[in-house]
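Asker: I'd like to ask you about the structure that follows.
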Amino acid sequence: MGEQDRGFHADRVAISYWDAHGNETVRYFSATLPDEEIPETIDSPSTGLPAGRDRENPPSVSKLEPYKTHLAYVKERRTDEEAAALLDDALTQLRTRRGQGPKD
């Protein structure tokens, strides 16, 4: 029993996408799907870069943002004074739980 004997197979079309590194990714879509519903760009699974249907002119990265740590995001939301107050409060609570008095 071969693959063709295991039920109905819908007609489909293969669409190739290329990223800036020249990597090709093939996606399959229903042959009955209108062209305007097939995406022009996807994210390349191998590089994470945008990939387009034009091999000679792949899409470029619109904005390359460096990776931010959790601490970087916290520093964006807090001023140095707020951070010092939160740290003092947390240390006071920790010392209270451990049975130590507040440190001056």
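Asker: Go ahead and set up a Gaussian network model of the chain, Cα springs under 10 Å, then flag whichever of Asp35, Asp88, Asp43 fluctuates most.
Answerer: So, out of Asp35, Asp88, Asp43, the one fluctuating most is Asp88.
Asker: Moving on to the next point. Note the listed values [x] 8.2; [y] 5.5; [z] 15.1, then indicate which one is mean projected area of the Cα convex hull in nm² calculated from this particular structure.
Answerer: Matching the structure shown: [z].
Asker: So how exposed is His21, as accessible area in Å² (1.4 Å probe, rounded to 10)?
Answerer: Looks like 130 Å² after rounding.
Asker: Please list, by residue number, every one of the trypsin sites (Lys or Arg not before Pro) in the stretch 43-104 that is coil in DSSP and has at most 12 other beta-carbon atoms within 10 Å.
Answerer: Arg55, Lys63, Lys68, Arg98, Lys103
Asker: Take the chain, connect every pair of alpha-carbon atoms lying under 10 Å apart with a spring to form a Gaussian network, then pick out the residue of Glu56, Glu82, Glu40 with the largest mean-square fluctuation.
Answerer: Maximum among the listed residues: Glu82.
Asker: Here's something else I'd like to know. For helix 80-97, what angle does its Cα long axis make with the longest principal axis of the chain, in degrees from 0 to 90 and rounded to 10?
Answerer: So the helix axis and the longest Cα principal axis differ by about 70 degrees.
The values are calculated or read from the model by the stated rules, or taken from the named source; none is laboratory data. Keep in mind it's a predicted model, so treat the numbers as computed, not measured. Cβ: placed from backbone, ideal geometry, glycine included. Neighbour counts: every protein chain shown. Note: areas computed on protein heavy atoms with side chains; ligands, DNA, RNA excluded. Shrake-Rupley method; radii C 1.70, N 1.55, O 1.52, S 1.80 Å.
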